[in-house]
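Following: one structure in structure tokens, then a few remarks.
The values are calculated or read from the model by the stated rules, or taken from the named source; none is laboratory data. Predicted, not measured: the structure shown is a model, and the values here were computed from it. Please note: Cβ atoms are built from the backbone with ideal geometry, for glycine as well, and neighbour counts cover all protein chains shown.
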Amino acid sequence: MQHKRADKVAETIHTAISTMLMRGLNDPRIGFVTITGVEVTDDLHLARIFFTVIGDETVKKNSEAGLKSAAGHIRHELGKVLKMRYTPDILFKYDHSQDYGQRIDDLLREVGGSNDGNDSTDR
């Protein structure tokens, strides 16, 4: 299986931004953010960065605003790491898949809890 260049750039961006977040950005709005994925277009001009954050809706909105505000600084730092002629534009998007998975898990537990002791199969 061949890896496209965009996939390799996405991995590098993922690692670099995760490192930046661990070291801390100077924006107090950014909470405990985890980068869940990076998609880079084949022409390497746009990187969609998916993230999650621990907390309520206010924390999510504040973190997203902080990340969008810091996008220029993050892109500048990425330019140093990527060493490419053109550093991709970055777009932060909240990753709803974790919320969706948690909702499914809660529903399954609810259904499983209502069936405890009510098993009608004979052995």
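See the values below:
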read-out: Selected residue (only one of LEU67, LEU91 is touching a residue at least 24 places away in the same chain (Cβ under 8 Å), buried (at least 17 other Cβ atoms within 10 Å of the Cβ) and not hydroxyl-bearing (Ser, Thr, Tyr)); value: LEU67
read-out: Members of the stretch 9-62 that are within 23 Å of GLN102 (Cβ to Cβ) and part of a loop (DSSP other than H, G, I, E, B); value: ILE30, GLY31, PHE32, ILE54, GLY55, ASP56
read-out: Answer residue from the stretch 50-59, given it is of a type outside the set (Phe, Trp, Tyr) and touching a Gly at 6+ places or on another chain (Cβ under 8 Å) and is surrounded by the most Cβ atoms within 10 Å (Cβ to Cβ) among those; value: VAL53
read-out: Of all residues in the stretch 48-82 being of a type in the set (Asp, Glu) and modelled with pLDDT of 90 or more, the one that is nearest to the chain's Cα centre (by Cα); value: GLU64
read-out: Test set (1) at pLDDT 90 or above; (2) touching a strand residue (DSSP E or B) at 6+ places or on another chain (Cβ under 7 Å) - ASP95 fails condition number; value: (1)
read-out: Subset tally (residues that are in contact with an Asp or Glu (Cβ under 8 Å, 6 or more places away or on another chain) and either modelled with pLDDT under 90 or surrounded by 17 or more Cβ atoms within 10 Å (Cβ to Cβ) (or both)) for the stretch 38-47; value: 3
